[in-house]
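Undergrad: Just dropping this structure here.
Every number in this text was worked out from the coordinates using simple rules, so none of it is lab data. None of these values were measured; they are calculated from a predicted model. Cβ sites come from the backbone with ideal geometry, for glycine too, and all protein chains shown count toward neighbours.
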Amino acid sequence: MVAKPQAKPRVAALVGPYTAGKTTLLEALLFAAGAIPRKGSIAAGTTLGDSQPEARARQMTIEPNIASFAFLGESWTVIDCPGSIELAQDAMAALMVADIAVVVAEPDPARAVTLAPLLHFLDARRIPHLLFVNKMDKATLRMRDLLAALQTVSARPLVLREVPIREGDNDQVAGYVDLVSERAYRWRENAASDLITMPDTIRSRETEARQSLLEAIADFDDALLEQLLEDRVPAPTEIYAQLTRDLQQDLIVPVFFGSAEHGNGVQRLLKALRHEAPEAAQTAERLGLKSNGAFSATVFKTLHQPHTGKLSLCRLWSGSLAENTVLGSRRIAGLLKPMGAELAKLPLAEAGMVAAIAKLDDTATGDRLGPDGRVGPEAGWPLAPPPVLALSLAPADRKDEVKLSAALQKLLEEDRALQLEHGGQHGQLLLKGQGEIHLKLAVERLQQRFNVSVRTGTPLTAYRETIRHGAPYHARFKRQSGGHGQFADVKVEIAPQPRGAGYAFVNRVVGGAIPRNYIPAVDEGVQEALARGPLGFTVVDVAVTLLDGQFHAVDSSDQAFRTAGGMAMHEGLPACGSVLLEPIQAVSFAVPNAFTAKVHAIVASRRGQILGMTARDGWPGWDDIQCYMPESEMMGLATELRSATLGVGSFEARFDHLQELIGKLADRVVEDRRRALAA
């Protein structure tokens, strides 16, 4: 492998599905580089990453784990990203500032599809990435079969960089042959591999795989292609150089393998990263960041810590930053280096490094920083996906309402995939997110990080009601209690409107039967009464025409006519044939076509209606399925969909229209509403 000058600090992001073994790989990388004396265990809760109580209770990564180390004299920061699809926003943010992504996969062709959304994100943004197939010590399948399955979900050609050496009766993978150097190695437990003579049993397979590698990279280099056509063997230095260029330009995806648990293949991975990963300047150029050498950085994660306050985790692209430096109008009061749960003081942050800056109150995740402070949002920063689940929230103690509001704002700063919604028909405070785990973690953080206990519940469906036919009604409000009394008399015509037309008020009073200044009060009274109709829900799609009335020169008032307008509706609507309306969502599913039939079954089981299906643009082998589905049937849809599609299916939903609901379902909804109002 060619020698190279020492690089500036670089950043690699470990990404991949939940259970692929990313946190174990982080431990193995740190141990192999000598950054930790021993590897921690996820089961024992002793890993450097996943130090939060919520993470250790679930034995899963819930926030980016950041660790730095030196390998062969070069500085690296590795960001271990959450693998759950519900926490993908943090992973996408980390990838935006990484020089290279290490996609950790399991050796199971049936699970290859779980990488599809991640690989699509990487390819769409031309982020250089390689594949590390983990848990190969337990694999029995042929590598070529796995590679073929993985290729179906990658838009870039996968290039196998090594082939496994199998030994024993069970054909267990015991080592590998490097396809460029053609050297064979036997793995050792948590140690460097031993150089061995290439076994005769692997020679034919190695020759075949090496030829495939050369043909793949020859597609991007005419000189190399010419050598192959002339049956000349390229020098290893040429092959390594071409592999490096192709990886850095995101033309190919090199594939390595090993076992993070046993430290197998980890040294090989580190060396590949050292020699082939782009540097910070190349990454900045790919992102379109121009620099004149001055300080430039991107905030990729925001945290609120009990003792340090707000922390902005940044990747520096150029220049440097020291404590007490003036950044815009603010003096940097704290500059820290994250290492797992620890935050060490950092005297100077230089280009390429990851640093935590304290108390940048005016910055948010996705902001770019310059010498004058916040420059603005980073172009192309990934937007948060639409929420798929909601919880109603209320403070366990009413005295904590202000405290809860402040804590929620901090929580939303930390996690852009969370949304907060106030009000609605039922006046609920709704926290919306990407699934059950996502929302449960948010509630636990409110308690553990911000010391606010909350009560949670299922959001109430925003049912409405309307009328089937119209009716006239005459309402008179008269009250005498000494002195000025109250008097108002109105005659109205109540009529249904077309679905979705809303509310209309028409004044047809003639001859001054009701003075013009009282007319708006009648309208106000009518609208107030429509907030709760005979079935207990807001009444919609109704037209009210004010036909006639009477007034008293002394006793009439705005309040009297407002009351009369409300009486006309409360007493007149029951004669108009009330009907319950349920909200219908327009839902668009995106799934691999192998799971399309399962989605059809899910929609049917939830009273949905399939509208159509098309091939998903830019996603070979995927379908977009459009349907209508009642809002009341949406609860738990994300969990069921992900369970049916190996976690890769997604959907977006928006309110579309209101639809009549009749029969036992309607009776149950009305009865539940009456009980709730009586409670």
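Undergrad: Through the Karplus equation 6.51 cos²θ - 1.76 cosθ + 1.60, θ set to phi - 60°, convert the phi angles of the stretch 306-316 into ³J(HN,Hα) values in whole Hz; use x for Gly and Pro.
TA: My calculation for the stretch 306-316 gives x, 9, 9, x, 6, 10, 10, 7, 10, 10, 7 Hz in order.
Undergrad: Within straight cross-link reach of K271, meaning Cα distance under 13 Å, which aspartates and glutamates are found once same-chain residues fewer than 8 apart are removed?
TA: The qualifying aspartates and glutamates are E74, D178.
Undergrad: Once Lys and Arg get +1 and Asp and Glu get -1 on their Cβ, which of G340, L412, I625 lies farthest toward the positive end of the dipole of the chain?
TA: L412
Undergrad: Restricting to Cα pairs below 8 Å that are 6+ residues apart, what does the relative contact order work out to for the stretch 465-576? Please round to a whole percent.
TA: 42 percent
Undergrad: Let me ask something additional. Where the centroid of each part is defined by its Cα atoms, how far is the stretch 209-236 from the stretch 243-276 in Å?
TA: The stretch 209-236 and the stretch 243-276 have Cα centres separated by 20 Å.
Undergrad: So if I take the centroid of the Cα atoms in the stretch 331-373 and the same for the stretch 620-679, what is the distance between those two points in Å?
TA: The two parts, judged by their Cα centres, are 43 Å apart.
Undergrad: With just the Cα atoms of the stretch 1-81, tell me how far they stretch along each of the three principal axes, in Å, largest first.
TA: 44, 25, 20
Undergrad: Which value in nm describes the separation of the simple spin-label points at A501 and D200, placed 7 Å from the Cα toward the beta carbon?
TA: Those two pseudo-labels are separated by 9.1 nm.
Undergrad: Shifting gears a bit: Express in nm, to one decimal, how much length is gained between E279 and Q559 on full extension, taking 0.36 nm for each residue of separation and deducting their alpha carbon distance.
TA: Using 0.36 nm per residue and subtracting the Cα-Cα distance, I get 93.5 nm.
Undergrad: How much length is gained if the chain between D617 and N170 is pulled fully straight, taking 0.36 nm per residue apart and subtracting their Cα-Cα distance, in nm to one decimal?
TA: 156.6 nm
Undergrad: Ranked highest first by the average count of other Cβ atoms within 10 Å around their residues, in what order do 50-63, 92-105 fall?
TA: Peptide ranking by packing, descending: 92-105, 50-63.
Undergrad: At 7 Å along Cα-to-Cβ for each site, give me the label-to-label distance between L547 and A294 in nm.
TA: 7.4 nm
Undergrad: How about the stretch 619-674: which GluC sites (Glu not before Pro) there are in a DSSP loop, with at most 11 other Cβ atoms within 10 Å of their Cβ?
TA: none
Undergrad: How high is the relative contact order of the chain, given as a whole-number percent (alpha carbon pairs under 8 Å, six or more residues apart)?
TA: Numbers: 1401 pairs, mean separation 67.0, N = 679.
Worked out over the chain, it gives 10 percent.
Undergrad: Quick check on the chain: helices-only [θ] at 222 nm, where DSSP H runs of length 4 and up contribute -39,500 (n - 2.57) each and the sum goes over total residues. Nearest 500, please.
TA: Working: 17 runs with 190 residues, N = 679.
-8500 deg cm²/dmol, from helical runs alone.
Undergrad: Place a +1 charge on the Cβ of each Lys and Arg in the chain and a -1 charge on the Cβ of each Asp and Glu, then give the dipole magnitude about the Cα centre in debye, rounded to the nearest 20.
TA: 1660 debye
Undergrad: Spelling out what I want: for every residue of the stretch 638-644, take phi, set θ = phi - 60°, compute 6.51 cos²θ - 1.76 cosθ + 1.60 (Karplus), and round to whole Hz; glycine and proline get x.
TA: 4, 5, 5, 5, 5, 5, 7
Undergrad: Enter the Cα centre distance for the pair the stretch 395-457 and the stretch 113-131, rounded to the nearest angstrom.
TA: Answer, in whole Å: 32.
Undergrad: Once you have the Kirkwood Rh of the stretch 389-457 from its Cα pairs, apply Stokes-Einstein at 10 °C and 1.306 mPa s and quote D in µm²/s. Intermediate results must be reported in sequence, preceding the final value.
TA: Values: Rh = 11.9 Å.
Translational D for this selection: 133 µm²/s.
Undergrad: Would you work out which of A98, P534, P386 lies farthest towards the positive end of the dipole of the chain? Charges go on Cβ: Lys and Arg +1, Asp and Glu -1.
TA: In the chain, that residue is P534.
Undergrad: Taking the Cα centre of the stretch 507-631 as the origin, how large is its charge dipole in debye, to the nearest 20, when only Lys and Arg (+1) and Asp and Glu (-1) carry charge on their Cβ atoms?
TA: 360 debye
Undergrad: Please list, in chain and number order, the residues 5+ apart from D623 or on another chain whose amide H is under 5 Å from its amide H, with Hs placed from the backbone.
TA: Those qualifying (amide H under 5 Å, at least 5 residues apart or on another chain) are V591, N593, R616.
Undergrad: Which three extents, in whole angstrom, do the alpha-carbon atoms of the stretch 291-377 cover along their principal axes, largest first?
TA: Result for the stretch 291-377: principal-axis Cα extents of 35, 22, 21 Å.
Undergrad: Oh, and also: Less than 14 Å Cβ to Cβ from M613, Lys/Arg counted +1 and Asp/Glu -1: what total charge do the surrounding residues give? It would help to have the intermediate numbers written out before the result.
TA: On the way: positive: K598, R616; negative: D617, D623, D624.
My count for the surroundings of M613 gives -1.
Undergrad: What are the ³J(HN,Hα) couplings of the stretch 608-623, residue after residue, when phi is run through the Karplus curve with 6.51, -1.76, 1.60 and θ = phi - 60°? Round to Hz, x for glycine and proline.
TA: Calculated HN-Hα couplings, in order: x, 10, 5, 9, x, 8, 9, 5, 6, 5, x, 10, x, x, 10, 10 Hz.
Undergrad: Follow-up. For S650, S605, what ranking results if the residue with the fewest other Cβ atoms within 10 Å of its Cβ goes first?
TA: In increasing order of surrounding Cβ atoms, one gets S605, S650.
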